[in-house]
Structure formats: structure tokens, C-alpha cells
1. Please go through segment 59-113 and pick out each residue that is part of a loop (DSSP other than H, G, I, E, B), without any contact (Cβ under 8 Å) to a residue 24 or more places away in the chain and under 24 Å from A139 (Cα atoms).
2. Test D125 against the stated conditions and say whether it is assigned to a helix (DSSP H, G or I) and either closer than 25 Å to K10 by Cβ or in contact (Cβ under 8 Å) with a residue 60 or more places away in the chain (or both).
3. Quickly run through segment 6-42 and pick out the residues that are without any contact (Cβ under 8 Å) to a residue 12 or more places away in the chain and touching a helix residue (DSSP H, G or I) at 6+ places or on another chain (Cβ under 8 Å).
4. Just wondering, is there one or more residues in segment 132-147 that are of a type outside the set (A, V, I, L, M, F, W, C), loosely packed, with under 13 Cβ neighbours inside 10 Å, on the phi < 0 side of the Ramachandran plot and in a helix (DSSP H, G or I)?
5. Using the structure shown, decide if A81 is surrounded by 17 or more Cβ atoms within 10 Å (Cβ to Cβ) and of a type in the set (G, A, S).
Amino acid sequence: MQELRAYTTKQMGDACEMLVAAEMTLAGVPALKVPDNWPGYDVIAQPLGSAPQRISVKSRTYKRGSAYIGYQDYDVFDWIAFVILPGAQHAYRAIYIIPRSVVEPLSRRDKPTSKTAAERYFRIDDVDAKFAGWRNNFALSSTPLQS
């Protein structure tokens with residue numbers, strides 16, 4: 001049975017993009033949501049003294065089992081932000097901001113001959129185990145914040 005929400009999937013995605021941009025700005029990295037349907041990424045941020053960084057934001061409500069979060073290998077971005085929203089088995093919101101160079105080799109992928117060969121994905125209930133060091137990485141640290 002699907003949970004009844006007070007917002008659409010599009011509204012959830014937009015809210016998560018704005019949330020990531022706001023948290024980054026408050027952490028000292030000015031960021032803003034780019035216009036809808038911008039190719040490849042959702043937020044642009046510029047750490048002090050660095051080049052602008054492109055961030056793709058992916059959001060899902062937490063669910064154990066075969067629920068996934070991911071991206072396409074041809075998407076253009078420097079960082080990926082996974083926003084996991086509270087669900088029946090998960091009481092809090094979690095945000096992970098991970099360099100693409102870290103996330104890419106750890107992603108699951110289908111056979112190169114499959115229709116879904118470009119998909120890169122993770123089970124939602126595995127994200128924290130793989131990326132705990134990147135949780136709340138709003139300052140865009142290129143190394144994990146914790147072990």
C-alpha cells in the first residue's frame with residue numbers, strides 16, 4: 001500500500017534541491033537551485049577560492065528492501081546529493097553529498113547489454129553503510145567527515 005503524501009514527487013524533488021542549496025549556503029558554500037530541466041545537475045555551488053561545483057540531487061523516501069536511488073552514467077555533475085526522507089522504518093532525514101569519483105566505483109550497475117546499462121544505483125537501506133562519512137557534507141569536503 002502506498003503512503004499518502006501531502007506533496008507530489010516533483011514538489012518533493014524541488015524541496016530537496018532547495019534544502020541542499022540552503023544547507024550548503026548556511027555552511028559557507030554559496031549555492032542555488034538551477035532552473036528545472038537543467039541538464040545533468042540541480043544545484044550549483046562555489047566554495048571560497050574554488051571553481052563552481054555541479055551537484056545532482058536525488059531524493060527518495062526511506063524503505064527497506066528493493067528501493068533504490070541512483071543516476072545515469074551520462075549525467076554531468078561533480079557531486080551527488082542523496083536525500084533520504086523519513087519513512088515507516090526510518091525516523092529522520094539524511095543528506096549525503098559525495099564526490100562523483102567516490103560514488104561511481106561503488107555503484108551497482110546492470111549488464112552492458114541491458115536496456116538499463118546506463119543506470120548507476122544503490123539500495124536505500126545501504127546508503128548510510130557505504131557513505132556515512134559523507135553525511136551532512138555541506139562544505140564539500142573531498143575527504144569523508146567521519147569513519
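Bear in mind these aren't lab numbers, they're just calculated from the coordinates by the rules spelled out. Source: prediction; values computed, not measured. Cβ coordinates were reconstructed from backbone atoms using ideal geometry, including for glycine residues, and neighbour counts include every protein chain displayed.
1. Within segment 59-113, Y92, R93 meet the criteria.
2. Values: assigned to a helix (DSSP H, G or I): yes; either closer than 25 Å to K10 by Cβ or in contact (Cβ under 8 Å) with a residue 60 or more places away in the chain (or both): yes.
When the stated conditions are applied, D125 passes them.
3. Y7
4. Within segment 132-147, the subset of a type outside the set (A, V, I, L, M, F, W, C) is 133, 135-137, 141-144, 146-147.
Now restrict to residues that are loosely packed, with under 13 Cβ neighbours inside 10 Å: 142-143, 146-147.
In the following step, the residues that additionally are on the phi < 0 side of the Ramachandran plot were identified as 142-143, 146-147.
Next, from what is left, pick out any that are in a helix (DSSP H, G or I): none.
No: segment 132-147 contains no residue that is of a type outside the set (A, V, I, L, M, F, W, C), loosely packed, with under 13 Cβ neighbours inside 10 Å, on the phi < 0 side of the Ramachandran plot and in a helix (DSSP H, G or I).
5. Details: surrounded by 17 or more Cβ atoms within 10 Å (Cβ to Cβ): yes; of a type in the set (G, A, S): yes.
So A81 passes the test.
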